[in-house]
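Take a look at the structure below.
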Amino acid sequence: MRRSLRVGFVSHWFDPEGGAAAHPGTVARAMRDAGHAVTVVTGYPTYPEGKVFSGYKIRPWVTEKIDGLTVIRGAIYPSHDSRSSHRAANYLSFATSGSALSVAALRDVDVVYVYSSPATTAIPAMTLRALTGIPYVLHIQDLWPQTVLSSGFIEGSNGRVERGLHRFCDATYRRAQTVAVTSPGMADLIIERGVPRSKLAWIPNWADEKSFYPTTPTSATLTSLGPLRDFTAMYAGNFGELQALDTVIEAADLLRGRRDIGFLLVGGGVAEPQLREMVRTHGLDNVRFATPQPFGQMAQVLSAGDTQIVSLRDRPLFASTLPSKLQANLAAGRPIVGAVRGDAARVIKDSGAGDVVEPEDAHGLAEALARQANLTGPARRAMGLSGRRYYEDQFSECALRERLDDVLQAAAQVGRSR
């Protein structure tokens, strides 16, 4: 029988952060809507620029109420740049402050949910379980250490750091009551590490459905984004090293003769200076940048693009992941061109939402975008609506919230163990 639970929610990221960092808030509100009392332990908002948001000042801790959730923030080292020492300080500072806050504030919860990105976010829950026996559910968003290896985060190390991360991740899986994964391929990789299949649960991410839904752009949105061409290929999200947006710029260079096709990159991140320099050195007038847009207006922003680009580096790891922007674009009912492999490619094909090309293939990306530009408006809208129907069936909150609740209820039923 389902019962109302006291849930501790540990996440490195949380509202009011946007983009990929907005998803933890979506999950926490789903738990609230299921009737649970949710206490969030998180850091101060800094994503994606690594600067503390206006209205916040880093203190040892602060408590606030957001959408009926109790949110407790611990001190962090604010950084989201490409320097590994700074990023490590950011991750470990929350692991430290989050552990102290979890022991102080979550001692009476029934279960702890860990939004595992980065992997060090599990440390507060592991500390609490060691001291109190409270079980935790680990919901893996990014596989470590594969993610940091693919990004070059620990490139040049002598191997000790990599081996240490492997041991640490194995410990987080071993001590978790349940390990939830967001894609089938991710489950296979974790089973290879010795985690029994019976300990796994498949819970894909869903989009914030109040922010991502089929619509048309308002005049205010179009004005804020600036002049658009007849066909706009949009990328909206984090400008990181792993998104391979240099390939998008190369595709724009190949399509510079198509005066009807334009590219709009919406967002920001560590790769932005390099991307702007590529546009300048190539002399491209078909690529424009727009600053990060308010999260609550993302449906209108995405609707201003005739197709949405989903792009990742060509790394074996990414064949086993579903980037959260894929679900957001499906929920928004937008056509997609995905430069991806594996699970993400299968979703795009099965949904009928768009085209798939090889990762980091500028020619393939340019050809796919040109094909979509040659379609009629109704044909593209049909692709987007097909994707929306697939989202509702496979990824919607309605479809997945009960699955998550089942996992939390089962973990809480086990109770404390020492």
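Each value in this text was obtained by applying a stated rule to the coordinates, not by laboratory testing. Predicted model, so just to flag it, every value in this text is computed and none were measured. Neighbour counts run over all protein chains shown; Cβ positions are idealised from the backbone, glycine included.
Normalised by 2.2 N^0.38 Å, with N the number of residues, the alpha-carbon radius of gyration of the chain equals 0.97.
In the range 8-132, one over the average inverse separation of all distinct C-alpha pairs is 14.3 Å, which is the Kirkwood hydrodynamic radius.
Between LEU131 and LEU222, the simple spin-label model (points 7 angstrom out along Cα→Cβ) gives 5.7 nm. Remark: the chain carries a charge dipole of roughly 1160 debye about the Cα centre, counting +1 on each Lys and Arg Cβ and -1 on each Asp and Glu Cβ.
Gain on full extension, evaluated as 0.36 nm per residue between ARG259 and ASP81 minus their Cα-Cα distance, stands at 60.5 nm.
Could you tell me which of PRO316, ALA362, ALA379 has its Cα farthest along the dipole of the range 300-407 towards the positive end, charges placed at Cβ (Lys, Arg +1; Asp, Glu -1), taken about the Cα centre? Final value for the positive-end residue is ALA379.
Which FRET efficiency value, to the nearest 0.05, is calculated for ILE191 and VAL52 with the Förster distance at 41 angstrom and r the Cβ-Cβ distance? Show your work: numbers first, answer last.
Values: r = 40 Å, r/R0 = 0.97.
Once the sixth-power term is evaluated, E becomes 0.55.
Maximal additional length on extending the LYS199-HIS282 stretch stands at 24.8 nm, based on 0.36 nm per residue less the C-alpha distance. Normalised by the number of residues in the chain, the mean separation of alpha-carbon contacts (under 8 Å, six or more apart) gives a relative contact order of 15 percent.
Along the Cα-to-C-beta direction of ALA399, a point sits 7 Å from the Cα; which residues of the range 334-364 have their amide N less than 16 Å from that point? Counting backbone N atoms under 16 Å from the label point, the list is 334, 343-354. In this simple spin-label model, placing a label point 7 Å from the Cα along the Cα-to-Cβ direction at both ALA89 and ASP350 gives a separation of 4.4 nm. Here the residues ARG73, ARG3, ARG258, ranked from fewest to most Cβ neighbours within 10 Å of their Cβ, fall in the order ARG3, ARG258, ARG73. From its DSSP helices (H runs of at least four residues, each -39,500 (n - 2.57)), the chain gives a residue-normalised ellipticity at 222 nm of -13000 deg cm²/dmol. The convex hull built on the alpha-carbon positions of the range 219-394 has an orientation-averaged projected area of 9.2 nm². Among ALA89, ALA104, ALA373, the largest mean-square fluctuation in a Gaussian network model of the chain (Cα springs under 10 Å) belongs to ALA104. Available extension along the chain between ARG160 and LYS65 is 30.0 nm, counting 0.36 nm per residue and deducting the alpha carbon span.
Rounded, prolate or oblate: which one fits the range 217-265, using the alpha carbon gyration tensor with axes a ≥ b ≥ c (rounded when a/c is under 1.5, else prolate when a/b beats b/c, else oblate)?
Details: a/c = 3.53, a/b = 1.24, b/c = 2.85.
It comes out oblate by the Cα gyration axes.
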